[in-house]
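To start, the structure itself, in C-alpha cells.
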Amino acid sequence: MSDQASTQQTDMGASRDAVPGAPRDRVAREASVEAAIADLAMALIRSASLEDIASLVLDNAKKLTASPFGFVGYLDPQTDHLISLTLTKDIWDVCQVPGKKLVFEEARGLWGWALQHRAPLVTNQPQDDPRSSGTPAGHIPIERFLCVPAMVGEDLVGLVALANAEHGYTEYELALVERLAALYALAVQQMHSEEALRSALAQARQREAEVTGLLDGARAVLKHRAFQDSARRIYDVCKALLGATTGYVSLLTEDGSENDLVFLDSGDLVCTVDPELPMPIRGLRAEAYRTGRPIYDNAFAGSTWQMYLPAGHSQLDNVLFAPLSLHGKVVGLMGLANKPGGFSDHDARLAAAFGELAAVSLMNSRTLEALQRSRDDLEARVEVRTAELRLANELLLAEIAERSAVEAQLRASEERYLQLAEHVDEIFWVYDLGGNRFLYISPRYETVFGRSCQSLYDEAESFQNAIHPDDRQRVAEAFRRVGEGYDVEYRIIRPDGSLRWVTARGFRVPDEKGEVYRVAGIAKDITKEKQAQAALVRTERLAVAGKLAASLAHEVNNPLQSAIGCLELAEEAMAEGRAAHQYLQVVSEALDRTTRVVSQLLDLHRQARTEERQRQDVRQVVEDVVLLVRKKCEMHGIQVVWEADEDLPQIELMPDAMHQVFLNLVLNAIDAMDEGGTLRVSVARTAQPLGVSTQISDDGIGMPAESLQMVFDPFYSTKAEGLGLGLYISQGTVQAHGGEITVHSREGQGSTFTVWLPA
C-alpha cells in the first residue's frame with residue numbers, strides 16, 4: 001500500500017484486528033463475520049457456482065461494511081481480462097456510463113492499481129488520491145473506496161471492491177474483506193480446476209472413442225473375408241467418429257484411369273447421377289492419389305473443384321479423402337463429406353489411419369481369394385488323382401524334389417539380390433525413430449561420403465559433418481523431421497576436400513497400429529548430373545550472350561554515328577571561324593562510351609582477363625577497394641563498416657581481376673543507397689572447406705525475387721543505363737579462381753553479395 005494509504009488508515013484510529021464499537025456491538029459484528037465466513041465455506045463445500053459464491057461474497061461484504069455499492073470479479077486465465085459476475089446485481093441500472101460492460105480488458109483507476117500491485121487499497125478521499133484516474137461521465141460518484149485482490153499463493157485470480165460506505169473504511173473492515181477475498185480466491189481456483197478437469201475428461205473420452213473405433217476397424221479386418229463387408233464397417237466407424245454425413249469407398253481400376261465404387265453412402269442427400277457412370281481421377285480426388293496423403297477442403301462448395309461434379313450430384317459443403325495404399329501405391333480412396341463445422345487436421349490423420357486399415361483389409365481379402373483359388377485348384381487335382389494314388393505319390397515325390405530345387409534357386413536368388421543391393425549406386429538406409437539410430441547403411445555410403453558406415457552406427461547425426469556449411473542448417477532441419485519423411489538435395493565435402501552433390505529421400509514405415517516407428521531412405525550421388533546441368537546452363541548462357549552481343553551492335557554504332565556527325569559540324573564551324581569545342585566534347589564522350597562498351601564485350605568473351613596469379617592476402621585487396629570508395633561514400637552520406645579476421649590464409653589470385661570484382665560489387669552497393677545508408681564489408685576465414693569469405697552488404701532498395709534468378713545473366717541489369725555485364729563478368733572471374741559468388745536480397749531491405757575463394 002502507498003504511504004498515503006497507510007497514513008489514511010493510521011488516522012482511522014483502528015488496529016487491523018480490533019473491532020470498533022461497544023463490546024456488545026463488537027461481539028455481534030464478529031458473529032456476523034463468522035456467519036458470513038461459514039456461509040462461504042459451505043458454498044465451497046457443496047461446489048456452488050462461482051456466480052453464486054461471488055454474489056454471496058458481495059452481499060456479505062456490503063452488509064458487514066455498510067457499503068451500498070461494490071463488485072466481485074475474476075481474471076480470465078487466457079486473456080487476463082477482469083470479468084465481473086456481480087455488476088448487474090445492484091448498480092447496473094444506476095450507472096449511466098455509455099457502453100458499459102461486464103468484461104474489463106485493461107486495469108485502470110484505483111482497482112487497477114490494486115491488481116497491478118497485488119496489494120489491498122483503502123482510501124476515504126479517492127478524489128484526492130493520486131492512484132485514481134477519475135470516473136467517466138455517468139459513473140456513480142465514488143466517495144470512499146476499498147479494494148482487495150483475491151490471491152491463491154502468489155497467483156492473482158480475482159478482485160473484491162466496495163464503495164461509498166456510510167462511514168470511512170477502517171483497517172478492521174479491510175481485514176474482514178481480505179478474509180472474504182481469500183475464500184473467494186479458493187472458489188475461483190476450484191472453478192479453474194473443474195474446467196480443466198472437464199476439458200481433460202472430454203479429450204480422454206474422445207481419445208477413448210477413437211481407440212475403440214480403430215480397434216473396431218481392426219476387428220472388422222480380422223472378421224470379414226469380403227473386402228466390401230470389412231470396408232463398410234471401417235467406413236461406418238470412421239464416419240461416426242468424424243461426424244460426416246455421407247461418403248463412399250472406391251478402388252482404382254486396373255488401368256489407373258478411374259475409380260470403381262465399392263459402395264456409396266448418400267445419407268439423407270438426393271443424388272440423380274447415374275451410379276454406372278465412370279468416376280475419372282480428377283479434381284481433389286486426383287490430389288489425394290498424387291500425394292498419397294489425406295486431403296480435405298472445407299470450402300468445397302465454392303472452390304474450383306466443384307466444376308468436376310457431374311450434373312445432378314448432391315450438394316457437398318466440405319469433403320475429405322483418405323487414400324488406401326498398398327506397397328507405396330494408392331489403390332483406392334475413402335471419401336467423407338458434409339461434416340457440420342468442417343474437417344480438421346486431426347480428422348485427416350484419423351481418416352488416414354482408417355484408410356490404412358481398409359488397405360490392410362483389401363490386401364487380406366485379395367490374399368484369401370488367392371488362397372481360395374489355390375485351394376480349389378488343389379482339391380480338383382486331388383479328386384482327379386485319387387484313383388491313381390500310386391501315380392499321385394510318385395508325382396508328389398517328384399513335386400517335392402522339384403520344390404526343393406526351386407527353394408535352392410530361391411535362396412541363390414536372394415543371395416544375388418543382397419549382393420546387388422550391396423553394390424548398386426544408391427545408398428540404402430533404415431532409421432529407428434525410437435532409438436534415434438541407423439539400423440542399416442549400405443556400403444555405398446563409404447564410397448560417396450568417404451566416411452565409414454560404423455561412424456553412423458556410432459553417432460546417427462555424424463553425417464552432417466560432411467555437409468557443406470551453407471546447406472547444413474537446411475539439412476539438419478529436414479533430418480529433425482525425419483519421422484515425417486523428407487526429400488532434400490545438398491552438397492557434401494569429402495575428407496579429401498572434393499565436393500559432391502547428394503539427393504536423399506525418406507519414407508515413413510508404420511507399425512501395425514499405424515504409427516511411424518522407422519524411416520527407410522535412399523540417397524544418391526548426383527554430382528555428374530549437377531555438373532552436366534551446370535555445363536548446359538553455361539553453354540546456353542554463352543549462346544544467349546553471343547546473340548545478345550550481336551543485337552547490341554547499335555550500342556557501338558549509335559555513339560560512332562554521333563561522333564561522325566559532330567566532326568562534320570566541327571569542320572563547318574572551323575571553316576566559318578566559329579569555335580568547335582562543344583562538338584569535339586560530344587565526340588570525346590561518344591568515343592568514351594564506345595570504348596566502355598567494347599571493353600565490356602571483350603570481358604564477356606574472355607570471362608576473365610588472362611593475368612599471372614600471385615599468392616596474396618584477400619584482406620589487402622578488399623581494403624584497397626574500401627579506401628578507394630570512402631570519399632564517394634562520404635559524398636553520398638553512406639557510413640562504411642569494415643571488419644576483417646586476422647591470420648587469413650594466402651590465396652592464389654589474379655590481383656587486378658579480383659580488385660575489379662570487389663570494386664564492381666562495392667559500387668553496385670553504393671548505387672543502391674541513393675538516400676544514404678550503411679555499407680558493410682567483412683572478410684572472414686572459413687574452415688570447411690578452407691578459404692576466405694568476403695561479404696558486401698547494403699541497406700538500399702534491394703531486389704525483387706524475379707531479379708535474383710537473372711542477376712548473373714549477361715545483359716541483364718536493374719539500372720536504366722547499365723549493360724548488365726558487370727556481375728556476369730565478376731561471376732566468371734570468381735569461378736576461374738575455383739570460388740563461388742552468391743547473393744541474398746529482399747526488396748526494400750538491401751542486398752548481400754558473398755564471394756568465397758578456396759585457399
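Here, each number is a calculation from the coordinates, and none is a lab measurement. A quick note: this is a predicted structure, and the numbers were derived from the prediction, not measured. Every residue, glycine as well, gets a Cβ built from its backbone with ideal geometry; the counts of neighbours run over all protein chains shown.
The lysines whose alpha-carbon is closer than 18 Å to the alpha-carbon of K223, local same-chain residues fewer than 8 away aside, are K513. Highest-first packing order for the peptide set 654-662, 258-266, 336-344, 200-208 is 654-662, 336-344, 258-266, 200-208, based on the mean count of other beta carbon atoms within 10 Å. For the stretch 431-526, GluC sites (Glu not before Pro) meeting the loop criterion (DSSP other than H, G, I, E, B) and having at most 14 other Cβ atoms within 10 Å: E459, E512, E515. Our note on the geometry: Cα centres of the stretch 329-344 and the stretch 710-759, 49 Å apart. Here r is the Cβ-Cβ distance between E623 and A119 and R0 is 56 Å; the resulting FRET efficiency, rounded to 0.05, is 0.35. With contributions of -39500 (n - 2.57) from each DSSP H run of at least four residues, the per-residue ellipticity at 222 nm computed over the chain stands at -16500 deg cm²/dmol. Over 26 Å apart at the Cα level, from the set K631/K719; K329/K528; K329/K524, are K329/K528. Across the chain, how large is the tail of the calculated P(r) beyond 39 Å, expressed as a percent of all Cα pairs? It works out to 69 percent of all Cα pairs. For the stretch 708-714, backbone phi angles converted through the Karplus equation (6.51, -1.76, 1.60; θ = phi - 60°) give residue-by-residue couplings of 4, 6, 10, 4, 9, 6, x Hz, Gly and Pro being listed as x. Applying the criteria of a DSSP loop state and at most 13 other Cβ atoms within 10 Å to the chymotrypsin sites (Phe, Trp or Tyr not before Pro) of the stretch 60-127 yields W92.
Packing, as the average of other Cβ atoms within 10 Å across residues, places the peptides 390-401, 738-749, 686-697, 630-641 in the order 686-697, 738-749, 630-641, 390-401, highest first. For the chain, a simple Cβ point-charge model (Lys and Arg +1, Asp and Glu -1, everything else neutral) yields a dipole of about 1040 debye relative to the Cα centre.
Straight-distance candidates among the aspartates and glutamates for linking to K339, with alpha-carbon spacing under 18 Å and chain neighbours fewer than 8 residues away dropped: E210, D236, D265, D268, D297, D317, D347.
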